[in-house]
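Undergrad: This is the structure, below, for whatever I ask next.
The values are calculated or read from the model by the stated rules, or taken from the named source; none is laboratory data. Since the model is a prediction, treat every value here as computed from it, not as a measurement. So basically every Cβ, Gly included, is an ideal-geometry build from the backbone, and we count neighbours across all protein chains shown.
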Amino acid sequence: MDPTADIPPLSADGAPETNRRSACGAILAAILATAASGCRTAATASRCTEPVTLEKSTTPTPRRRPIALSTWDHGLPANRAALGVLHADGSALDAVETGCRVVELECPDMTVGLGSRPDRDGRVTLDAAIMTGDGRAGCVAFVQGVAHPVSLARLVMERTPHVLLVGAGAEQFARESGISVTAPTLTRAAEAEWRAWLAERRYQPTINIENHDTISMLALDAAGNMAAASTTSGLAFKMHGRVGDSPIIGAGIFVDAPIGGAICTGLGETVLRTLGAHLAVEAMRAGATPQEACERAIDRIIEKNGDPSGYQVGMLALDFEGRIGAYAVQRGFTFAIQEELRDAPSRFS
């Protein structure tokens, strides 16, 4: 017979484990009894509902260097405005809206805002979209008389259960939201170009000039949030009612945390057929750098749309590490990173 068989094991401090278990059981029973008593004496509850408060971590959230990235030469004034917001600890969402509003108000290229070239019927119709990394998005298309369609798109995101409003319905929502909707008019310069076009009515867009200067933006704020926006009048002298890629989520813009975002500019039909911005973000999800993602997406656009000699598409990408990518079908696509203007590499020179 084992002489130690009836001796309870010892704990680390030498006390019999059975005694320790008994003591622990007694303490636990007392705690439970006290808790139950407190519950029973509560006048308005039959069980305890007091939440347990955990001490919050005092570790500071890492700050990031704010980044503004946008398309074409008019990306420079857009970026300056966006960086003003970001350096004041503003959000990426506020930054892209603010940057796009600058170009909507004054666009020397006549491709954004109410001063743009009209469609073939002599009407300026505008498209815009905005999106955040958590998947929220708002878009408007075929809108007339709205000075800042990007702000209207943001209201669609924030005040409605919808993502896209178009035409008269979007204009009605603008009025209900306190946004002025003016009667459609043309600037003298836009009317002169339209009347000159009417003489032949020949639709033949010129690469990198009148039909591709959409302002699209990406921003990363100091808190690590990303947003994208785009606003445009679309193709010059387009068919009345035509809508391109800019106000379509996944085509003209797309953001997905914690992967990154992408934006497009160029012939919208080619981007719509391939969901170009979404292609680039999914490439980053699969491990591509932003530059590789842009190149892969542009390659797919060329593959699916045939002869690329007659169209341009430019693409920009940004990941949450702050790395950027830029690529285009044809040479001539410029973009702004912070307050620097650069030429993007291209598939064809």
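Undergrad: For Ala82, only one of the following conditions fails: (1) assigned to a helix (DSSP H, G or I); (2) at pLDDT 50 or above; (3) more than 22 Å from Arg136 (Cβ to Cβ). What is its number?
TA: The failed condition is (3).
Undergrad: Within the range 223-245, how many residues are among the polar types (S, T, N, Q) and over 12 Å from the mean Cα position of the chain (by Cα)?
TA: 3
Undergrad: Of the residues that make up the range 101-113, is at least one modelled with pLDDT of 95 or more, crowded, with 22+ Cβ neighbours inside 10 Å and farther than 23 Å from Gly266 by Cα?
TA: So far as the range 101-113 goes, no, none of its residues is modelled with pLDDT of 95 or more, crowded, with 22+ Cβ neighbours inside 10 Å and farther than 23 Å from Gly266 by Cα.
So that you can scan it fast, the table gives a plain yes or no per residue for (1) buried (at least 19 other Cβ atoms within 10 Å of the Cβ); (2) part of a loop (DSSP other than H, G, I, E, B); (3) in contact with a strand residue (DSSP E or B) (Cβ under 6 Å, 6 or more places away or on another chain):
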| position | (1), (2), (3) |
| --- | --- |
| Asp127 | yes, no, yes |
| Ala141 | yes, no, yes |
| Val146 | yes, yes, no |
| Gln172 | no, no, no |
| Gly178 | no, yes, no |
| Gly224 | no, yes, no |
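Undergrad: Something else: Any idea which of Arg154, Arg63 is surrounded by 21 or more Cβ atoms within 10 Å (Cβ to Cβ), basic (Lys, Arg) and in contact (Cβ under 8 Å) with a residue 40 or more places away in the chain?
TA: It is Arg154.
Undergrad: So, in the range 286-325, how many residues would count as being surrounded by fewer than 24 Cβ atoms within 10 Å (Cβ to Cβ) and assigned to a strand (DSSP E or B)?
TA: Qualifying residue count for the region: 2.
Undergrad: Here is a list of conditions, (1) under 12 Å from the mean Cα position of the chain (by Cα); (2) farther than 22 Å from Ala68 by Cβ; (3) charged (D, E, K, R), and Glu295 meets all of them except one; can you say which number that is?
TA: Status for Glu295: all satisfied but (1).
Undergrad: Could I ask something else about it? Has the range 237-249 got any residue that is closer than 22 Å to Gln338 by Cβ, buried (at least 24 other Cβ atoms within 10 Å of the Cβ) and in contact with a Gly (Cβ under 8 Å, 6 or more places away or on another chain)?
TA: No, the range 237-249 has no match at all.
Undergrad: Let me ask something else. Just to be sure before I move on: is Gly332 of a type outside the set (Phe, Trp, Tyr), at pLDDT below 95 and assigned to a loop (DSSP other than H, G, I, E, B) in the structure I sent?
TA: yes
Undergrad: Can you tell me which residues in the range 223-239 are at pLDDT 95 or above and farther than 22 Å from Val150 by Cβ?
TA: Answer for the range 223-239, where residues must be at pLDDT 95 or above and farther than 22 Å from Val150 by Cβ: just Gly224.
Undergrad: Consider Ile207 against the criteria (1) modelled with pLDDT of 95 or more; (2) outside any helix (DSSP H, G or I): it satisfies all of them except one. Which criterion is unmet?
TA: The number of the failed condition is (1).
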